[in-house]
Amino acid sequence: LAKTTQPISMDSYEGQEVNITCSHNNIATNDYITWYQQFPSQGPRFIIQGYKTKVTNEVASLFIPADRKSSTLSLPRVSLSDTAVYYCLVGKGGGGGNKLTFGTGTQLKVEL
Amino acid sequence: KAGVTQTPRYLIKTRGQQVTLSCSPISGHRSVSWYQQTPGQGLQFLFEYFSETQRNKGNFPGRFSGRQFSNSRSEMNVSTLELGDSALYLCASSYRGDTQYFGPGTRLTVL
């Protein structure tokens, strides 16, 4: 299973763009990269998923370089409510069965 | 569509007892996975069920077991509870084992 490495914590201010980078050097050819957000005592919430290049949705963007050994979650104009733990996961998508492994995540703290 | 539901939300048990947690997946989802989350170990994968069969399993002792019914609802059982089993137990469903959608969790406290 591909292991991921993320910063343990990050601080930001409201209105700023936040970029969280995740390293996954051993990513397999058919692995997808998925990011989740988790608030205390709640289940993780799916944010975005990608395989290569760039993916964007209404919440975030995901940048994946050609070698796929890292990825960057970009949160535009964060607010206080974005304070949460963000997990980067690498694993099979598309019916390969759940073999996702959660790392320690990145605690993002947004201040006024 | 309704999200993943888990019951009960909170549970208090004593050591040696057993507990059963329930999870109802999103309609149409056939894969249900269970996770344990503790402050010390983080989010750890317990097992996954797909079409009533256990498809993947994490590194947990045999005291942790589960099953899935024909309607895709799943139950997780922990026997001979230990203090260290106190945790937030999360259920996640997916269509075939791809993107996971999590429920709110069951907070289990073992005294």
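Overview of values
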quantity	calculated
Computed magnitude of the charge dipole of chain A (debye, nearest 20; Cβ of K, R +1, Cβ of D, E -1)	500
Charged-residue dipole, Cβ positions (Lys, Arg, Asp, Glu), the protein assembly as shown about Cα centre, Debye nearest 20	620
Cross-link pairs beyond the 29 Å C-alpha cut-off, checked among A:109/B:57; A:109/B:13; A:3/A:52	A:109/B:57; A:109/B:13
Cut-off 16 Å, label 7 Å out along Cα→Cβ of residue B:9, residues of the range B:23-43 by amide N	B:23-24
Those trypsin sites (Lys or Arg not before Pro) in the range A:1-53 that DSSP places in a loop and that have at most 12 other beta carbons within 10 Å	A:3
Rounded, prolate or oblate (a/c below 1.5 giving rounded, otherwise prolate when a/b exceeds b/c) for chain A by Cα gyration tensor	prolate
Two-site FRET efficiency, residue A:80 against residue A:56, from Cβ-Cβ distance with R₀ of 30 Å, rounded to 0.05	0.85
Positive-end extreme of charge dipole, the protein assembly as shown - chosen from A:64, B:78, A:105 (charges on Cβ)	B:78
Virtual spin-label span in nm between residue A:10 and residue B:2, 7 Å along Cα→Cβ	3.7
Around residue A:78: net Lys/Arg minus Asp/Glu count, Cβ-Cβ under 14 Å	-3
Sites residue A:66 and residue B:71 - FRET efficiency at Förster radius 35 Å, r taken between beta-carbons, to 0.05	0.20
Heavy-atom accessible area ranking, 1.4 Å probe, most first, across B:13, A:92	A:92, B:13
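The values are calculated or read from the model by the stated rules, or taken from the named source; none is laboratory data. Owing to the predicted nature of the structure, the values given are computational and were not obtained by experimental measurement. Positions of Cβ are generated from backbone atoms using ideal geometry, with glycine treated the same way; all protein chains shown enter the neighbour counts. To get the accessible areas, we keep the full protein, side chains included, count just its heavy atoms, and leave off ligands, DNA and RNA. Shrake-Rupley method; radii C 1.70, N 1.55, O 1.52, S 1.80 Å.
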